[in-house]
Every structure is written in C-alpha cells, then in structure tokens.
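Asks: First, the structure itself, so that you have it in front of you.
The values are calculated or read from the model by the stated rules, or taken from the named source; none is laboratory data. As the structure is a computational prediction, the values presented were derived from the model and not from experiment. Cβ: placed from backbone, ideal geometry, glycine included. Neighbour counts: every protein chain shown.
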Amino acid sequence: MLDYIDLFAGLGGFSVGLKDLGNCHFAAENEPIARSQYALNFPAHTLHSDVTKIVELPKLDLLCGGFPCQSFSSAGRQKGFDDPRGQLIFQILRLVDSNKPRWLLLENVKNLLHIDDGKTFETILDEIKKRGYKVSYKVCNSINFGVPQLRERVFILAGPKQIEIPDGNGKPRRTIKHILQKNVTDHHFHRCYRLPDSIEKTTGRIPVVNDQGKLHQDDYLIRSNEPSPTLAASCFGATYGRKVIYPEMRYLTSREVARIQGFPQWYKLHSNRKENYRLFGNAVVPPIVAEIAGRLI
C-alpha cells in the first residue's frame, strides 16, 4: 500500500483511484464546494484548505497533485507562471523539499506542454529533476482507460527510477450509451431547440437551431453512440450551454457525468446538477491514476 497525500484534490479523483492501493495521510483543497464533496466521500481523510499553510510533509511513498490548470489551459488566457495559479506548482516543490516523497504523480492539461513554446513545461521538469528524481511524462487519453470520454491530460511521474506511463489499461473503448441511466424523467432534461434538417449527414457534434432557424454556437448535441467530448468546467453547465445527447434528446444526468469522468457508483454527488457539471469538469480521471499507481507498488 502507498502512503500518499492528495494536493489540489478537487473532488478527489486521485483518492478515488488510490482507494484500494494506498493510505491517505491528508488532502488539500480550498474551493468550498469541492472541499465539502471531498469530505463527504472521504470522511476519514484529514482535509486542509490551504496548501501554502502546510509546513512540511510526513514520510510518504507518493505525492499526488492536480495543480490548477486554468493558467495553462487552451480554454483560458494561457498566462502560465504569470498567473498566480500557475505558481502553485512551486508549492508542491516547496513541500517536496521539506521531506522528499519517493514518488510524485502530477496531472494537468495537455496545453501545459506548449505554453511559452514549451519553456514552462521544461522549467517544471528541470525543477523536479534538480531534486534527484527520474522523470517520465505522457499525454493520456481517458478513452484508453475504459472511460467513455475523449480527454487528453498530461501526467508527470517522478521517482527513484524511470517508469513508463501506460497508454491504457486494456479495457475496451466505451461510448456514452454504455453509461446511460434508464428511465430518466427529470423535468430538467427537456427537449432542446429543433434539429437541423441534415442531421444524418453530419458527423461529430450536432448543432441545434432556434425558432428563427439560427444556429446556437453554445448549444449542440452529442451522439450517445460515440465517446463524450472532453468535459470541462464550462461544459454542460457554466455558460451554461446545453449539451444534449442524441437520439435520446435529453441532458446528461449528474450520475452520467460522473461516469463519463470515470467515477464509481459509490461516489456521492452534489445535490445541484450544474455544480456537478462544473466539479467533474475539473476532476482527475480515477482509472488513469489507478493504472499508473499500480505500477509503483
């Protein structure tokens, strides 16, 4: 079993993935709703609110961190280290200096590789290597880990020796249809605007139109016989563009969004659907964590 901590924990994607592989010394998350959800699902875990107030680490096998991605995301302003959130990776390194864990497992958006022509990512790798770690990294796509979502995230694994990060876990690819709940009647999942006449001739996303026949850029359908596009904090909610599944012609439920992100049935959800959309859009995919961590034992 791995003794670990979960920094910038969010909903606890790392902790879900490590549930049968490790013992959590503590977690840290400062966003109030994410904190409450983490505490609800992991009541036995010590939960800190501010990473910057943690003085030093206990002896650990593994430090996990999904450090904030907004300053690196292609969906944002891509300020990198010029954004205060982009500086939080150095809080991880500060804690590493206090008591060096055997392994580090970090996750972020794919675009981290390209900020400032790759110099930001190179700096992060160099700082980790300065601390005596052997480092590997890989862009992992959730679809290759039994999760019905096309989601690419970069994982960084650092430790006493270099271990190749897996491309997948051998499970078959899945579509949205594989995870749909039956007999969904919630009134929130109502019929959207009308469909374009040429729907059967299109591929991928299906645009929808309003009563005047004008396309809505934020509103579109996704085919349930395909994997989901990448869930983001703004996806299925924040603006809040309606992402409706076709041909079922309804919104995804909170449980379905959790499944699309690879979270198990036992995971307790927030009572607000839009909050679930936002929170899961920021979460780490647990099956990827489990596959990587299993190679460290």
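Asks: Filtering region 101-117 down to residues that are of a type in the set (D, E, K, R) and without any contact (Cβ under 8 Å) to a residue 40 or more places away in the chain, which residue is surrounded by the most Cβ atoms within 10 Å (Cβ to Cβ)?
Replies: Asp116
Asks: Quick one: is Gln162 closer than 19 Å to Ile292 by Cα and exposed (fewer than 15 other Cβ atoms within 10 Å of the Cβ)?
Replies: Numbers: closer than 19 Å to Ile292 by Cα: yes; exposed (fewer than 15 other Cβ atoms within 10 Å of the Cβ): yes.
Yes.
Asks: Still on this structure: Does Leu62 satisfy the condition of being modelled with pLDDT of 95 or more, within 16 Å of Ala283 (Cβ to Cβ) and buried (at least 19 other Cβ atoms within 10 Å of the Cβ)? Walk me through how you get there before you give the answer.
Replies: On the way: modelled with pLDDT of 95 or more: yes; within 16 Å of Ala283 (Cβ to Cβ): no; buried (at least 19 other Cβ atoms within 10 Å of the Cβ): yes.
It is false that Leu62 is modelled with pLDDT of 95 or more, within 16 Å of Ala283 (Cβ to Cβ) and buried (at least 19 other Cβ atoms within 10 Å of the Cβ).
Asks: Here's something else I'd like to know. Take the residues in region 240-255 that are surrounded by fewer than 22 Cβ atoms within 10 Å (Cβ to Cβ) and among the charged types (D, E, K, R), then tell me which one is nearest to the chain's Cα centre (by Cα).
Replies: Arg255
Asks: For region 138-157, indicate whether the set of residues that are in contact (Cβ under 8 Å) with a residue 40 or more places away in the chain and small (Gly, Ala, Ser) is non-empty.
Replies: To start, the set of residues in region 138-157 that are in contact (Cβ under 8 Å) with a residue 40 or more places away in the chain comprises 140, 142-143, 145-157.
Cutting the leftovers down to small (Gly, Ala, Ser) gives us 142, 146.
Yes, some residue in region 138-157 is in contact (Cβ under 8 Å) with a residue 40 or more places away in the chain and small (Gly, Ala, Ser).
Asks: Test Ile165 against the stated conditions and say whether it is β-branched (Val, Ile, Thr), farther than 30 Å from Val55 by Cβ and in the same structural domain as Ser15 (by TED's automatic domain parsing). Lay out the reasoning, then the answer.
Replies: Details: β-branched (Val, Ile, Thr): yes; farther than 30 Å from Val55 by Cβ: yes; in the same structural domain as Ser15 (by TED's automatic domain parsing): yes.
Yes, satisfied.
Asks: Then there's this: Of all the residues that make up region 1-37, how many are hydroxyl-bearing (Ser, Thr, Tyr) and surrounded by fewer than 23 Cβ atoms within 10 Å (Cβ to Cβ)?
Replies: Residues in region 1-37 being hydroxyl-bearing (Ser, Thr, Tyr) and surrounded by fewer than 23 Cβ atoms within 10 Å (Cβ to Cβ): 1 in total.
Asks: To continue, here is another question. Can you pull out the strands (runs of 3 or more DSSP E) entirely within region 99-209 that have at least 1 residues that are modelled with pLDDT under 95?
Replies: Numbers: elements: 103-109, 134-141, 152-159, 206-209.
It comes to 103-109, 206-209.
Asks: Take region 232-267 and flag every residue that is of a type in the set (A, V, I, L, M) and modelled with pLDDT under 85.
Replies: We begin by selecting, within region 232-267, every residue of a type in the set (A, V, I, L, M); these are 232-233, 238, 244-245, 249, 252, 257-258, 260.
Scanning region 232-267 gives Ala232, Ala233, Ala238, Val244, Ile245, Met249.
Asks: Answer yes if at least one residue in region 76-93 is acidic (Asp, Glu) and modelled with pLDDT under 95, and no otherwise. Even if it seems obvious, please write down each step before you answer.
Replies: Within region 76-93, the first condition is being acidic (Asp, Glu), and the residues that meet it are 82-83.
If we keep only those that are modelled with pLDDT under 95 too, we end up with 82-83.
Yes, region 76-93 has at least one match.
Asks: If you don't mind, another one. Could you tell me which residue of region 257-297 is surrounded by the fewest Cβ atoms within 10 Å (Cβ to Cβ), considering only residues that are among the β-branched types (Val, Ile, Thr) and farther than 14 Å from Leu150 by Cα? Quick ask: steps written out before the conclusion?
Replies: Just the residues of region 257-297 that are among the β-branched types (Val, Ile, Thr), to begin with: 257, 260, 284-285, 288-289, 292, 297.
Keeping just the survivors that are farther than 14 Å from Leu150 by Cα gives 289, 292, 297.
On the way: Val289: 27, Ile292: 24, Ile297: 10.
Per the criteria, the residue is Ile297.
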